[in-house]
Amino acid sequence: MTTKSEIIVATDGLTKRLGGRTVVNGVNLAIGRGDIYGFLGPNGAGKTTTIRMLLGLARPTSGHIRIFDKDIRKERLAILRKVGSLVEYPSYYGHLNATENLEAVRRLLGAPKSRIDEVLAIVRLTQEARRPVKGFSLGMKQRLGIATALLGNPELLVLDEPTNGLDPAGIQEIRELIKSLPRTSGVTILISSHLLSEVEQMATRVGIIAKGELIYQDGIERLREQAQGRIRLGVSDPEAAWQLLLSYGYPAEWDRTKLTVGQADDRTIAGIVSRLVQSDFQVYRVEEEHASLESIFLQMTGSEASL
Amino acid sequence: MLLRILSAELLKIRRKLVWLLVLAGPLGVVGLEALAYALRFDYMIRPADSAKMWSDLLSGIGSLALPALLIGLAIVASMTAGIEHQMNAWKMTLALPVKKRHVFAGKFLLTALLLFVSCVLLALFSLVFGLTLGSSLGLHGSVPIGGLLREAFYPYLAAMPFIALQAWLSVTMHNQAVPLTVGIVGMIVSLFAGSRFPDWVPYKWPALLNQWHEPLYSVGAGVALGLVVFLVGMFEFVRKDVK
Ligand SMILES: Nc1ncnc2c1ncn2[C@@H]1O[C@H](COP(=O)(O)OP(=O)(O)OP(=O)(O)O)[C@@H](O)[C@H]1O
Ligand SMILES: [Mg+2]
């Protein structure tokens, strides 16, 4: 179970029908305080629709949402006061500069004026603060969106595909930015993506949604465990070592570039290493190698190679 | 809260074309009337006195201002709502801790406020033109302040149902062609409404025509129906999922 910390986002049978189709189907999310929750799913899985319901932008067809232990239908404003969000592509007023954009939101939030410079600094837009936003690159707009989300000092930050459409450098930058956030301010983050690799390095928990249904929800380690680890051996003359290991009945594999052993306990590995050493092989490395999480993710969501 | 929303709305239209429109509308109307006077200045029948001059002037400006108001309100409503539509900012605004009905009210108030500014400017420009005309005709008399204000604000108040309607349509529809078409058709209908339609037809109200010859009836009906349309629009907006 995962209830080591207080659950601050909980949905119960969350369902949304749109145009006669069930787009989100009986989803039970559970996000604990301080989690960085990776909300994953292929395109069209229902991530944005779920997030819209969490933010009160869309009404669930059925099911309940509790955030900070409050019902979104009854206490939407109280909840939203502690939530910052960025839904799909960033929203902004192009003719205004970054400071003015933030000011327009600040006036609604009633946050202190000084907060504008703070969030600009966090997303490193201080230098560009006086330029009209329509001239911003997508990455800068995305950062402004995150700054806007941070403006009210939220306890929960909801980011829907914040790296969508960015180049690798931009993706890296946003990722670093997000990773640095909880450490500095203790916020809980819900971040959606259609790529596991994108949230893998920062997420503490993962929820996977496919065709509107939540098919996995647990800590990231559990997902890693499912990725059957292999042990890679770096040795002198790997091909000969492979044959030796096979002859002793170890499940070794040689693919002409690397020598690996599948699922093996500590004693087996110790046996392998001593066998190799006794046979005068030099052992350079014994390391765990994870099957890519991406492949498990693809398997789970049953989506095609196009992803 | 509403004040905060309105101040945010005013910030959002900073450096926007809509301000130019707010200025150009009344300026164009009074300018056109001035042009009409200038063209026939030499052979027109001189008004007998200052009072007659003002009443001719105000009715002339009034008949030009009416279609300008009706088309202007559609454009202004579309522009103020367009600020959110253009960059899909509704989802950002409505995920903030603000009441949805306040957001709707904010857009309506902004539109009404901008049009109000236009009406103030209309009164000012009319005053300036009237004083200039009076002195060039050698007619001196007191300025009919009441008539001036009536000319500027009665049609505005009587047009309240249309301001509310256009605000509602512009806010709820992503494609602004629809509300603009409704606005244009509305203007044309109201141009012909004067003699043909019964008094209860709202398109007749901004012209302040009714069988009792009491403009205030039209004004009262306009404000009342405007409030109803506003409330209906607000409830529909609150109910709907955000695009
Ligand atoms: N207004 C609507 N009417 C009908 N169907 C809709 C509507 N909005 C979304 N959908 C459908 O709902 C499904 C889920 O959409 P959603 O945007 O939630 O997916 P997503 O997981 O966010 O995908 P992506 O990774 O592409 O952003 C899609 O198949 C979409 O076509
Ligand atoms: Mg999406």
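Counting heavy atoms of the protein chains alone, residue A:255 has an accessible area of about 80 Å² for a 1.4 Å probe.
For residue B:168, the accessible area of its heavy atoms, probed at 1.4 Å with every protein chain present, is near 50 square angstrom. Rounding to the nearest 10 and keeping the result within 0 to 90°, find how far the Cα-based axis of helix B:17-39 lies from the longest principal axis of chain B. Tilt of helix B:17-39: around 20 degrees. Summarising the label geometry, the points placed 7 Å from Cα in the beta-carbon direction at residue B:59 and residue B:136 lie 2.2 nm from one another. Interface residues of the range B:80-96, defined as a loss of at least 40 Å² in heavy-atom accessible area between the chain alone and the complex of all protein chains with a 1.4 Å probe, are B:87, B:91, B:92, B:95, B:96. How large is the accessible surface per residue of the range A:7-225, computed with a 1.4 Å probe and reported in Å² as a whole number? The answer is 39 Å² per residue.
Of all DSSP-defined beta bridges confined to chain A, some 65% are antiparallel rather than parallel.
Assuming R0 = 56 Å, can you tell me the calculated FRET efficiency for the pair residue A:240 and residue A:172, based on Cβ-Cβ distance, to the nearest 0.05?
Values: r = 41 Å, r/R0 = 0.73.
Computed FRET efficiency for residue A:240 and residue A:172 comes out at 0.85.
The distance between label points at residue B:197 and residue A:273 comes to 9.0 nm (points 7 Å beyond Cα on the Cα→Cβ vector).
If you count the DSSP beta bridges with both ends in the protein assembly as shown, what percent of them are antiparallel, to the nearest 5? Intermediate results must be reported in sequence, preceding the final value.
Working: 33 of 51 bridges.
Here the antiparallel bridges make up roughly 65 percent for the protein assembly as shown.
Share of carbon and sulfur in the accessible area of chain A stands at 47%, probe radius 1.4 Å. Rolling a 1.4 Å probe across the protein heavy atoms gives the range B:142-210 an accessible surface of 45 Å² per residue. Does anyone have the angle between helix B:50-86 and the longest principal axis of chain B? Alpha-carbon axes, 0 to 90°, nearest 10? Value to nearest ten degrees: 20.
Are any of the pairs B:99/B:204; A:70/A:134; A:47/A:134 more than 32 Å apart by Cα-Cα distance, and if so, which?
On the way: B:99/B:204 35 Å; A:70/A:134 38 Å; A:47/A:134 27 Å.
Listed pairs above 32 Å: B:99/B:204; A:70/A:134.
Residues of the range A:115-131 with an amide N closer than 20 Å to a point placed 7 Å from the Cα of residue A:179 along the Cα-to-Cβ direction: A:122-125. How many nm is it between the label spots at residue A:18 and residue B:211, if each spot is 7 Å from the Cα in line with the beta carbon? With each label placed 7 Å out from Cα toward Cβ, I get 5.3 nm. Among the protein heavy atoms, those of residue A:274 account for about 50 Å² of accessible surface (1.4 Å probe, every chain in place).
Any chance you could give the angle, 0 to 90 degrees and rounded to 10, that helix B:145-158 forms with the longest Cα principal axis of chain B? Value to nearest ten degrees: 30. Take the accessible area of A alone and of B alone, subtract that of the pair with a 1.4 Å probe, and the total buried over both chains is about 2900 Å².
Explain nothing, just the number: dipole magnitude of the protein assembly as shown about its Cα centre with +1 on each Lys and Arg Cβ and -1 on each Asp and Glu Cβ, in debye rounded to the nearest 20.
My answer is approximately 1480 debye.
Annotation: amide H of residue A:32 within the under-5 Å range of A:8, sequence separation 5 or more or interchain, hydrogens built in the peptide plane.
The values are calculated or read from the model by the stated rules, or taken from the named source; none is laboratory data. The structure displayed is predicted, hence computed values, not measured ones. No Cβ is skipped: glycine too gets one built from the backbone with ideal geometry, and neighbour counts run over all protein chains shown. Ligands, DNA and RNA are excluded from the accessible area calculation, which covers all protein heavy atoms including side chains. Shrake-Rupley method; radii C 1.70, N 1.55, O 1.52, S 1.80 Å.
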